[in-house]
Structures are given as structure tokens and as C-alpha cells.
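> This structure is in C-alpha cells; I'll ask about it shortly.
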Amino acid sequence: MEYLIHIAILICIYGILGLSLNLVMGEAGLVSVAQAAFYGIGAYAVGLLLTEAGWNFFAAAGVGMLISGVVALAIGLVLSRFRGDFYVLGTVGFNIIVWSIFLNWQELTHGPLGVPGIIRPELFGFRFTENSSFLILALVVLAATFGIAYFITHSSFGRVLKAIREDEEATSVFGYATVHYKLLIFVISAMLAAAAGALFASYITFIDPSSFALNESIFILAIIILGGLSSHQGALLGAFFLVVLPEALRFVGFPPDVAAQMRSATYGLILILLMLYRPQGLMGTFRL
Amino acid sequence: MNKWGWVVVAVVVAAGIFFAFNKPKQASSEPIKIGVASLLTGDFAVVGENVVNTAKLAVDQINKNGGIHGRPLELEVQDSKCDSKGGLDAVQKLVNADGIKYIIGGMCSNGTIAAAPIANTQHAVILTPVTGGKNVDEAGDYIFRIANSDILAGKDLADAMNKMGYKNVGVVAAVTEYTLDIKKSFEATVAQNGGAVVVSEEFQPGTTDYRTMVAKVKTKNPQALLILSQLGTDAAYFIKQSRETNYNVPLFTDFTLATNGAVKEILGTLDGIYFADPAYDASNAKNFFAEYKQAYGIESPIPFHTASTYDGVMMLASALRAVGDDSVKVQQYLSTQIKNYHGLMGTYSLDAQGNSDLGFTVRIIKNDKPTDL
């Protein structure tokens with residue numbers, strides 16, 4: 001049961017990341033490969049504030065989300081000058097910069113040695129030490145994220161985002177300051193990703209830069225492409241699929257000598273087949 | 001298939017996992033399972049393959065000799081990759097899905113540390129024959145390190161320099177967990193020995209142009225220089241570019257430069273380079289290395305990892321024979337009874353924190369062969 005709970009917690013964390021990226025990419029049409037950077041900012045804020053300043057998890061998570069939002073605002077202002085492929089490259093560059101800071105600002109982040117001994121959250125004297133209680137917390141954060149995403153997409157703000165995605169110039173002709181809309185959704189998305197990072201740091205109890213490299217952003221991107229762009233259920237299903245699939249493959253009886261390699265190859269093959277036969281993703285309503 | 005069809009598929013996969021690991025408990029005549037969580041994919045897969053190959057041979061030896069009071073050992077191998085989530089996933093699967101309480105953990109340090117809370121709370125013993133970092137040393141009661149300590153590598157290198165009369169020294173290191181552990185220990189020991197680190201530089205792994213760094217080191221004029229990189233190739237490029245500028249300072253490094261075949265292609269010759277050779281008894285391990293070559297058709301790529309993995313499996317077996325299939329008692333046995341243990345790594349002990357006292361011997365390469373000083 002513990003193993004299933006572990007997988008469920010990871011699904012929640014990646015579900016939050018998928019939902020957060022879906023707001024930027026699925027709703028506003030901005031292809032961002034920087035989600036791991038904001039995820040890492042949230043994780044490091046919690047890791048450092050808990051281990052070195054003795055803060056409460058929830059206060060630290062709030063600060064992490066705030067820092068992530070401010071950073072997103074700053075980088076978003078720069079990125080708003082780019083369109084299309086250049087925007088994507090800009091987000092790639094930003095992820096690499098943040099990862100380099102995690103790796104090289106050793107006085108603060110401990111560089112590759114990482115931050116060990118991060119404790120579990122505590123609320124009104126109750127500590128989420130057991131994985132089952134941590135799962136409840138993760139589910140609450142996931143539900144809140146889903147609620148925020150649902151509210152945004154069903155609001156007038158969300159409809160403007162969709163209009164920007166379909167035709168930004170036409171939307172601006174109607175008097176909408178599209179840059180402000182894109183900036184705001186980018187900031188909200190970054191703050192939600194930081195919440196996922198806070199959960200991750202506290203769950204895994206150890207963080208180092210390797211968890212927030214470009215590969216992780218690509219993995220989050222794969223979640224929403226597989227799940228289907230502009231679909232919150234799709235983001236959750238994508239997270240479920242991409243977290244469960246490699247774990248499920250651990251139970252497949254490949255020959256022991258090549259089992260790990262076969263699992264990786266099978267994982268890749270399944271993803272390729274899915275994209276071939278379901279290019280809009282499992283539950284997608286929009287294609288790039 | 002419509003979207004609900006996909007949901008059904010997802011639920012079936014989850015149910016499959018649940019039933020796959022809800023197996024009946026082992027009867028006393030059934031095999032004792034030993035998990036191996038190691039990096040089997042990615043850049044360092046050679047490390048994990050070596051650990052797995054060695055563990056298989058060691059388990060075969062034990063089973064041929066009657067197993068553990070008639071119960072054979074059985075290996076269950078999982079890929080830990082080289083990150084914290086990968087290590088945690090692998091150990092979660094072994095401990096909570098397969099019910100395994102004894103693990104040979106050839107993981108990266110980050111994976112070992114992330115998995116440590118499960119090991120400590122669920123009383124699963126992890127013996128690591130690979131990682132030697134400070135973080136791993138402090139990871140908890142159920143984590144045992146057999147591999148040579150990175151901290152001792154830094155200390156032994158600093159002591160060797162001191163013995164040779166090099167008081168003002170320099171260090172250049174890649175920004176990795178392994179190399180920074182050695183660097184910090186090296187710098188602390190130099191200071192304790194009354195010396196000074198006159199230049200201390202770091203670089204990103206994979207850097208190929210070191211000319212500016214070489215020029216900077218040159219201006220500080222250290223009497224000897226320690227150069228550290230994860231795989232040895234980065235250090236090789238640094239040395240090559242030092243040679244090109246006729247900068248000939250006594251060079252010290254870790255074992256990776258001396259054991260990586262690609263380094264010789266970069267440098268031509270390694271003669272004159274001092275390196276920290278992991279202390280293990282190669283003569284003791286000779287027969288097992290021959291068996292390894294016969295089984296797999298290749299020499300062990302990292303002989304001291306082979307030796308430490310073999311010792312790890314044998315230590316577990318001796319603990320299981322002594323106290324039975326009880327991981328709490330096995331932990332206590334390993335913490336208290338492994339003193340002056342005679343294994344392929346030589347004669348050594350595990351301290352109360354479960355760490356071996358194996359260090360390094362500083363050697364020089366002469367005629368392309370490691371030679372005692």
C-alpha cells in the first residue's frame with residue numbers, strides 16, 4: 001500500500017505541475033519549457049527556510065510561491081518581447097540559468113551537495129509524517145490547483161486567454177492589453193509550480209539541482225501534450241500516465257540483464273505510439 | 001477509443017500494480033530476496049551494470065554453498081537512475097512492493113539520501129558499495145557505506161602533499177557532489193597540516209577550454225595542484241592544456257583519471273601524475289576478478305566497486321546466517337560485528353554509524369602503471 005501511496009503522491013505533484021503549465025500553454029498558447037525552474041524555486045525556498053531558518057512549511061511555501069511569482073514577472077517582461085520559437089528558446093535559457101544558480105550559488109543552495117533533512121509539514125501541531133497523511137495534503141493542494149485552473153478558464157479572463165491563443169493580433173484590436181494577460185497567467189502558473197516544488201521538497205526530504213534541470217521541464221511538457229492541451233482532466237491523466245507507466249513497467253518480466261534498458265525503450269515506444277495515434281493527446285481540445 | 005476508454009485503461013494499469021505486489025508472504029524455505037538498486041541507465045550505467053554483475057556472481061557462490069541455512073538468495077534488480085526521485089522510486093518498489101529488507105544500493109548519493117528515510121523507518125538495510133560522500137555517511141542507522149570515503153580521499157591527498165613538502169598548494173574541481181566533497185576535505189586537511197591553499201577554482205562538468213583557468217592557477221604559483229573531475233576526462237583536458245602552455249607543476253588527482261580509458265587518448269601518457277588509489281586488496285580479489293572475466297567476457301570496469309559489492313553481499317549473508325532473516329537484527333549485527341572484516345577490499349571495519357574506514361593510497365603513474373611512492 002505504501003508503494004501505491006508513493007505513486008499517488010507523485011501523481012498529485014506532477015498533476016499540479018501539469019495543470020500549472022496547461023494554463024500557460026494550453027489556454028494562452030505560450031510554449032514554455034521553464035516550469036522546472038519555478039518548481040525548483042518553490043522547492044529550494046521550502047528546503048532552505050525549513051532546514052536553516054526553522055520556518056513552518058506553509059509559511060515557507062507561501063514565500064516560495066511569492067518569489068516564484070516575482071521572478072516570473074521579471075522574466076515574463078523579457079519574454080513578452082518574443083514570439084513563437086524565440087519564446088520557447090527564451091524559456092529554455094531561463095530554465096538553464098535558474099538551474100545554474102541552484103548548482104553554483106553554493107553558499108545559499110549547497111550546490112550539488114543539495115539540501116538534506118527537509119522535514120514534513122506541520123499544521124496546528126499535526127505533522128504530516130505518514131505518507132498517507134501527506135497524500136491527503138497533496139490531494140488538497142491538487143484540488144485547490146484544479147479549482148483555480150477551472151475558475152480561470154471559465155472566467156472572462158480565461159476567455160481572453162483563449163482568444164490570445166487563437167489570434168493575438170485580433171484580440172489586441174478589440175482593445176485587450178494582451179501582454180498583461182500573458183504576463184498574469186505566466187505569474188499564476190509559476191506560483192502554482194512553486195507549490196508543487198514545496199510539496200516535492202518536503203515529501204522527498206532531499207533536493208539537489210538534478211531534479212530541476214531542463215529534462216524535468218520537458219517531462220512536464222510531455223505530461224500536458226500527452227494528456228491533451230487545454231484540458232485540465234487531460235493534464236491530470238497525463239501526469240497519471242507518465243508517473244504510473246514507468247512504475248508499471250517495473251513489474252513486467254523483462255530478462256534481468258536488459259530489464260532497465262527494455263523498460264526505458266518500452267516507455268519511449270508507448271509514448272511514440274500514443275502521439276502517432278492520438279496526436280491531440282488523450283483528452284486534448286487544442287493542437288499547437 | 002474515447003476519453004473514458006483511456007480512463008479505464010489507466011484504472012486497469014493501477015489495479016495491475018496493486019495485485020502484482022500483493023503476494024503472499026514468503027515461507028521459511030523460500031528464497032531470501034536481496035534488492036539491488038543501482039544506476040542502470042544514463043551516463044553512469046557502467047557503474048550499475050558492474051554492481052549487478054558482481055552481486056549475481058556473489059549470490060551464485062552463496063547459493064552453490066547451500067544458501068542461508070538452506071534458503072537460497074534471490075536478486076531483484078531495479079534502476080535507480082542518478083537522481084533523488086529515481087533512487088526513491090527504486091527503493092520504494094523494492095521495500096514496499098516486493099517486501100525486500102536487504103538492498104545493495106549502488107546509487108548516486110542523491111538517490112541514497114532520498115531513499116534513506118524509507119530504509120530507516122521501515123528497517124530496510126541498504127549497503128552501498130559505490131557512494132562515499134559525507135551526506136551518505138550521515139544518512140541514518142540503516143545505511144551502510146562499504147565504499148572508500150570521499151572525505152578520506154581529500155585527507156589522504158592533502159597528507160601526501162604535506163609529506164612531500166608541498167605547503168602552498170592549489171585545487172581545481174568540477175562542481176559535482178563527489179568532487180566538492182573531496183575538495184572540502186582536502187582544503188580542511190591542508191589547513192590542519194599548517195599549509196595554505198593558494199588557489200581554489202571550480203568549473204562546470206563537461207568544460208573543454210581551461211586555458212584561462214590554467215593561466216590564473218599559474219599566476220598563483222602553487223607548489224602542487226589537485227585536479228578533480230567526476231569521470232577524469234575534464235581533468236584530462238585541464239592537464240593537456242596545462243602541458244600546452246608548458247606549465248609543469250606536480251599534479252595530483254582522484255582515481256577516475258587513472259582508470260578511465262578515454263583519458264589516455266586525450267593525454268597520451270599519464271606518467272608523473274599522482275592519484276588517490278582506493279585502498280583495496282587486489283591480490284585478495286584476483287580469483288574473483290578472474291571469475292568475473294570468465295562469466296562476462298570482460299575485465300571489471302571498476303575493480304574496487306566489484307570488490308566492495310562482493311563484500312557487501314557476503315556481509316549480508318554472514319549477518320543473515322548469524323541472526324536470521326530479521327532486518328533489525330541484521331542492522332545491529334552489521335553495526336557491531338563487522339570489525340577487522342577480511343574481504344576483497346582488504347581488512348576493515350564498519351564504525352557505529354555503519355561506515356567503512358577504507359581510505360586511499362596515493363600512488364604515481366610510471367610507465368603507464370600505478371606505482372607505490
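> Please compute the Kirkwood hydrodynamic radius of the protein assembly as shown from all pairs of different C-alpha atoms, in Å with one decimal. Before the final figure, lay out each step's value.
Numbers: mean 1/r = 0.0378 Å⁻¹.
Every distinct Cα pair counted, the radius reaches 26.4 Å.
> If r is the Cβ-Cβ distance from A:Ala59 to B:Lys366 and R0 is 56 Å, what FRET efficiency results, to the nearest 0.05? Please report the intermediate quantities before stating the final value.
Numbers: r = 60 Å, r/R0 = 1.08.
Taking R0 as 56 Å, the efficiency between A:Ala59 and B:Lys366 is 0.40.
> Would the stretch B:115-171 count as rounded, prolate or oblate if I go by the C-alpha gyration tensor, calling it rounded below 1.5 in a/c and otherwise prolate when a/b exceeds b/c, oblate otherwise? Walk me through the numbers before you get to the answer.
Details: a/c = 4.94, a/b = 3.62, b/c = 1.37.
Note, shape of the stretch B:115-171 comes out prolate.
> Pick out, from B:Thr112, B:Ile146, B:Gly170, the residue whose Cα sits farthest towards the positive end of the charge dipole of the stretch B:107-199, with +1 on the Cβ of Lys and Arg and -1 on the Cβ of Asp and Glu.
The listed residue farthest towards the positive side: B:Gly170.
> Where the centroid of each part is defined by its Cα atoms, how far is the stretch B:105-168 from the stretch A:88-142 in Å?
When both Cα centres are located, 24 Å separates them.
> Now a separate question. Once the piece of chain linking B:Arg211 and B:Gln337 is laid out straight, how much longer is it, given 0.36 nm per residue of separation minus the C-alpha distance between them?
Extra length available between B:Arg211 and B:Gln337 comes to 40.2 nm.
> Another question, then. For A:Arg159 and A:Phe251, FRET efficiency with R0 = 45 Å and r from the beta-carbon atoms, rounded to 0.05? Show your work: numbers first, answer last.
Numbers: r = 44 Å, r/R0 = 0.99.
FRET efficiency, A:Phe251 to A:Arg159: 0.50.
> Looking at chain B, which longest stretch skips every one of the trypsin sites (Lys or Arg not before Pro) that is in a DSSP loop with at most 16 other Cβ atoms within 10 Å, leaving the sites themselves out?
Numbers: sites that count: B:Lys25, B:Lys167, B:Lys339.
Longest run free of exposed loop sites: B:168-338.
> With +1 on the Cβ of every Lys and Arg and -1 on the Cβ of every Asp and Glu, and nothing else charged, how large is the dipole of chain B about its Cα centre, in debye rounded to the nearest 20? Spell out each step's value before the answer.
On the way: 33 positive and 38 negative charges, 6 e Å.
Result for chain B is approximately 20 debye, rounded to the nearest 20.
> Once the dipole of the protein assembly as shown is set up with Lys and Arg at +1 and Asp and Glu at -1 on Cβ about the Cα centre, which of B:Ile273, B:Ala191, A:Asn104 lies farthest towards its positive end?
So the residue we want is A:Asn104.
> Separate question: Under the definition of Cα pairs under 8 Å and six or more residues apart, what whole-number percent is the relative contact order of chain A? Can you show the working numbers first?
Numbers: 454 pairs, mean separation 101.3, N = 288.
So the answer I get is 35 percent.
> Here's something else I'd like to know. How high is the relative contact order of the stretch A:31-74, in percent, counting Cα pairs under 8 Å that sit 6 or more residues apart?
Numbers: 25 pairs, mean separation 18.5, N = 44.
Reported relative contact order: 42 percent.
> Only bridges whose two residues both fall in chain B count here: according to DSSP, what percent of them are antiparallel, nearest 5?
Values: 14 of 47 bridges.
Taking every DSSP beta bridge within chain B, about 30 percent pair in antiparallel fashion.
> Treat every Asp and Glu Cβ in the protein assembly as shown as -1 and every Lys and Arg Cβ as +1, leave all other atoms uncharged, and give the resulting dipole magnitude about the Cα centre to the nearest 20 debye.
Value, rounded to 20: 540 debye.
> Points 7 angstrom from Cα along the Cβ direction at A:Val173 and A:Tyr277: gap in nanometres?
Taking the two extended label points, one gets 4.2 nm.
> Shape call for the stretch B:225-281 from the C-alpha gyration tensor, a ≥ b ≥ c root eigenvalues: rounded (a/c under 1.5), prolate (a/b greater than b/c) or oblate? Could the numbers behind the result be given before it?
Values: a/c = 1.93, a/b = 1.48, b/c = 1.30.
Prolate shape, in that a/c is at least 1.5 and a/b is the bigger ratio.
> Quote the relative contact order of chain B in percent (integer), defining contacts as alpha-carbon pairs under 8 Å separated by 6+ residues. Could you put the intermediate results ahead of the total?
On the way: 733 pairs, mean separation 58.4, N = 373.
Result for chain B is 16 percent.
> Now for a separate question. Taking R0 as 35 Å, what's the FRET efficiency between A:Ile148 and A:Ile270 from their Cβ-Cβ distance, rounded to 0.05?
Details: r = 31 Å, r/R0 = 0.89.
Computed FRET efficiency for A:Ile148 and A:Ile270: 0.65.
> Could you tell me which of rounded, prolate or oblate describes chain A, using a ≥ b ≥ c as the square roots of the eigenvalues of the alpha-carbon gyration tensor, with rounded for a/c under 1.5 and, failing that, prolate when a/b is larger than b/c and oblate otherwise?
On the way: a/c = 1.56, a/b = 1.16, b/c = 1.35.
Because a/c hits 1.5 or more and a/b fails to exceed b/c, chain A counts as oblate.
> Which value, in debye to the nearest 20, gives the size of the charge dipole of the stretch A:109-243 about its Cα centre, when Lys and Arg are +1 and Asp and Glu are -1 at the Cβ?
Details: 6 positive and 8 negative charges, 44 e Å.
In total the dipole reaches around 200 debye.
> Here's something else I'd like to know. When a footprinting reagent is the concern and you count Cβ atoms within 10 Å, what order do A:Ile9, A:Ile67 take, fewest first? Show your work: numbers first, answer last.
Details: A:Ile9 23, A:Ile67 18.
Ordered from fewest to most neighbouring Cβ atoms within 10 Å, A:Ile9, A:Ile67 come out as A:Ile67, A:Ile9.
> Give the long-range amide H neighbours of B:Ile338: residues separated by 5 or more places, or on another chain, with amide H under 5 Å away, using H modelled in the peptide plane at 1.01 Å from N.
B:Leu350
> Quick one: Cα centre-to-centre distance for the stretch A:167-227 and the stretch B:275-326, in angstrom?
47 Å
> Further question: Hey, which aspartates and glutamates would be in cross-link range of B:Lys240, C-alpha to C-alpha under 20 Å, not counting anything within fewer than 8 residues on its own chain?
B:Glu201, B:Glu202, B:Asp209, B:Asp254, B:Glu265, B:Asp271, B:Asp368
> Looking at the stretch B:291-343, I'd like the Rg to Rh ratio, where Rg is from alpha-carbon atoms and Rh is Kirkwood's inverse mean 1/r.
Numbers: Rg = 13.8 Å, Rh = 12.5 Å.
Computed over Cα atoms, the ratio is 1.11.
> Same structure again: Based on other C-beta atoms within 10 Å, arrange B:Leu225, B:Leu94 from fewest to most. Before the final figure, lay out the partial values.
Numbers: B:Leu225 27, B:Leu94 30.
Ordered from fewest to most neighbouring Cβ atoms within 10 Å, B:Leu225, B:Leu94 come out as B:Leu225, B:Leu94.
> Note the full-extension length gain between A:Phe86 and A:Phe126 as 0.36 nm times their separation in residues minus their Cα-Cα distance, in nm to one decimal.
Working: separation 40, 0.36 × 40 = 14.40 nm, distance 4.73 nm.
Separation in residues times 0.36 nm, less the Cα-Cα distance, equals 9.7 nm.
> Sketch the reach of a paramagnetic label on A:Val258 as a point 7 Å from Cα along Cα-to-Cβ, and name the residues of the stretch B:51-82 whose backbone nitrogen lies under 16 Å away.
Nothing falls inside the zone, counting backbone N under 16 Å.
> Next up: Of the options A:Leu113, A:Ser230, A:Phe254, report the single residue whose Cα projects farthest towards the positive end of the charge dipole of chain A (beta-carbon charges: Lys, Arg +1; Asp, Glu -1).
The one lying farthest along the dipole's positive direction is A:Ser230.
> By counting other Cβ atoms within 10 Å of each Cβ, how are B:Met161, B:Met315, B:Met107 ranked from fewest to most? Don't skip to the end; give the middle numbers.
On the way: B:Met161 27, B:Met315 22, B:Met107 36.
In order of increasing Cβ crowding within 10 Å: B:Met315, B:Met161, B:Met107.
> Taking each residue in A:194-203, count the Cβ atoms of any other chain within 10 Å of its Cβ, then average. What number comes out? Display every interim value, and only then the final one.
Numbers: counts 0, 0, 0, 0, 0, 0, 2, 0, 0, 4.
Whole-number average of other-chain Cβ neighbours for A:194-203 is 1.
> How much length would be gained if the chain were fully extended between B:Glu138 and B:Thr121, taking 0.36 nm per residue of separation minus their Cα-Cα distance, in nm to one decimal?
On the way: separation 17, 0.36 × 17 = 6.12 nm, distance 1.51 nm.
That works out to 4.6 nm of additional length.
> Can you give the three extents of the C-alpha atoms in chain B along their principal axes, from longest to shortest, in whole Å?
So the three principal-axis extents are 68, 59, 40 Å.
We did not get these values from a lab; they are worked out from the coordinates using the rules stated. If you're wondering where the values come from, they're calculated on a predicted model, not measured in any experiment. Note that each Cβ is placed from the backbone with ideal geometry, even for glycine, and that neighbours are counted across all protein chains shown.
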